[in-house]
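*Asks:* The structure is given below, and queries will be raised subsequently.
The values are calculated or read from the model by the stated rules, or taken from the named source; none is laboratory data. Since this is a predicted model, take the numbers as computed values, not measurements. Every residue, glycine as well, gets a Cβ built from its backbone with ideal geometry; the counts of neighbours run over all protein chains shown.
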């Protein structure tokens, strides 16, 4: 009986630590995304160059983007910190983005869910880093219709490592064919239809499809475009046509890969016999 209680406490503490770690990682990546937008795309892009730019991005203490007021350690606490400040800077009262508590809560829940399904703590942590880099892709594409190319090697590295730790997958010839198929497809659209897609999509989407693997690239591809069409329709202005509308596909590619990893987890660990990505049950 006593052993069972200790085991339950150990399990709860593990989930608690993972939730806090996931929330903290979300806070870090949200801040990192905002700084990349400011120092690589925004008004401060010419202030620092090369290594010095990245040193500032990674080492500058957390502060209010409006007045520069330093954030106290208490207010840096994931989720709770935003509510303690009432969502405003103490110094200048500028509203702080709701993106912080929302992403912190989401990544905390994701951390708990992935570990609950997989019982693999190393795989869970690596997947959280992958999702953090996907968050950066979403932020830069929504704000500037641009995917940060320096982010791509991290997405590849954490993606391949996640696949190995969680699913025992290593890149194969089939993975290469998926990558080449998507690369040729998007490259042709880029070359033949000006404005049909961006260079970032040509580089990023084939990588995401290869990380999804076969046959999950089908789920990745369809979910990305269904989300893009659905949200574009819902968020459009009244009477506005979707024809020719610029869409941040990097956002939807990232969301599509996010959802695909959830599907892969459920299929792999719950061993759904007869499951087919094509939508049929044998």
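*Asks:* Here are 123, 168: which of them is in contact with a helix residue (DSSP H, G or I) (Cβ under 9 Å, 6 or more places away or on another chain) and without any contact (Cβ under 8 Å) to a residue 24 or more places away in the chain?
*Replies:* Testing whether each residue is in contact with a helix residue (DSSP H, G or I) (Cβ under 9 Å, 6 or more places away or on another chain) and without any contact (Cβ under 8 Å) to a residue 24 or more places away in the chain leaves just 168.
*Asks:* In region 81-111, how many residues are in a helix (DSSP H, G or I) and either at pLDDT 80 or above or buried (at least 17 other Cβ atoms within 10 Å of the Cβ) (or both)?
*Replies:* So the answer is 16.
*Asks:* Let me ask something else. Is it the case that region 233-249 has a residue that's out of contact with any strand residue (DSSP E or B) (no Cβ under 7 Å at 6 or more places or on another chain), at pLDDT 90 or above and under 17 Å from residue 134 (Cα atoms)?
*Replies:* So far as region 233-249 goes, yes, one or more of its residues are out of contact with any strand residue (DSSP E or B) (no Cβ under 7 Å at 6 or more places or on another chain), at pLDDT 90 or above and under 17 Å from residue 134 (Cα atoms).
*Asks:* Could you tell me whether any residue of region 58-68 is at pLDDT below 80 and either assigned to a helix (DSSP H, G or I) or outside the structural domain of residue 20 (by TED's automatic domain parsing) (or both)?
*Replies:* Among the residues of region 58-68, not one is at pLDDT below 80 and either assigned to a helix (DSSP H, G or I) or outside the structural domain of residue 20 (by TED's automatic domain parsing) (or both), which makes the answer no.
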